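Let me begin by presenting the structure, written as structure tokens, before commenting on it.
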């Protein structure tokens, strides 16, 4: 079977080794790009539309899982989503998670026998895939499960108050008053009913300290208070938007998180 692939691996020697092993295990695979970080993986994958993504879990900046989640949100509706293979150093918990979610993985250093098995699995997926609204439901479910707890530590305290700089002062914002958090360039907008403040703490660092029953992630860069959601609508293009009580703007709901809003 002929196919195209992208490799995202921040260690050049390991990237070359994987590419060399793939040349033996899958002669019909054309590696169209090799990148060293998650941001480049997203950009190149959207530009080149490969059939398979080999993503290192730990990379500078954006992880392999985060890159896959962003691609799930940005991938064109009329194109089949790539088959995903995650590459990781040995971690019993990670391996168990990938096995349970049926997301294929490779342990470093890559073993030829294990790689051949992965190639067989990927080829079987490619033979069956179709556009299906741009992203396979199974892939979305896998990513949701793997991303649902972004690093919270057992016993960590929930955030109660957010210190935010306002001019020369520090405003203490009760989390109970927050309607949404929205990533914006180097800041996070903390949206309240009447106004907003900006903080520098990245959203992915805030999320482990927020109660997931209270705050729902609805997009890669947006977290909203669940009981403040007033309505959810679908655009002509089939995408979802939601509105919050007390806020004028609409918030996009990504395909990765749209499952929350299916009618019961």
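Inside region 178-187, can you point out the residues that are outside any loop (DSSP other than H, G, I, E, B) and at pLDDT below 95? Scanning region 178-187 gives 183, 184, 187. The lone criterion from (1) part of a loop (DSSP other than H, G, I, E, B); (2) more than 16 Å from the chain's Cα centre (by Cα) left unmet by residue 23 is number (1). Taking region 217-245 as the range and being touching a helix residue (DSSP H, G or I) at 6+ places or on another chain (Cβ under 7 Å) and within 16 Å of residue 193 (Cβ to Cβ) as the test, the residues that pass are 244, 245. Evaluated against (1) surrounded by 11 or more Cβ atoms within 10 Å (Cβ to Cβ); (2) under 22 Å from residue 71 (Cα atoms), residue 198 falls short on exactly one condition, (2). The residues of region 26-35 that are buried (at least 17 other Cβ atoms within 10 Å of the Cβ) and within 26 Å of the chain's Cα centre (by Cα), listed by number, are 29, 31, 33, 34, 35. From the list 189, 209, the lone residue that is without any contact (Cβ under 8 Å) to a residue 12 or more places away in the chain, under 27 Å from residue 61 (Cα atoms) and either out of contact with any strand residue (DSSP E or B) (no Cβ under 6 Å at 6 or more places or on another chain) or not assigned by TED's automatic domain parsing to the domain that holds residue 75 (or both) is 189. In region 51-144, counting only strands (runs of 3 or more DSSP E) that sit wholly within it, the ones holding 3 or more residues that are crowded, with 19+ Cβ neighbours inside 10 Å and either assigned by TED's automatic domain parsing to the domain that holds residue 202 or modelled with pLDDT of 85 or more (or both) span 52-56, 83-88.
Within region 12-24, restricting attention to residues that are loosely packed, with under 15 Cβ neighbours inside 10 Å and free of Cβ contacts under 8 Å to residues at least 24 places away in the same chain, the residue that is farthest from residue 39 (Cα to Cα) is 23. The requirement of being buried (at least 17 other Cβ atoms within 10 Å of the Cβ), in contact with a strand residue (DSSP E or B) (Cβ under 9 Å, 6 or more places away or on another chain), at pLDDT below 90 and within 30 Å of residue 64 (Cβ to Cβ) is not satisfied by residue 239.
The values are calculated or read from the model by the stated rules, or taken from the named source; none is laboratory data. Since the structure is predicted, the reported quantities are computational estimates derived from the model, not experimental observations. So basically every Cβ, Gly included, is an ideal-geometry build from the backbone, and we count neighbours across all protein chains shown.
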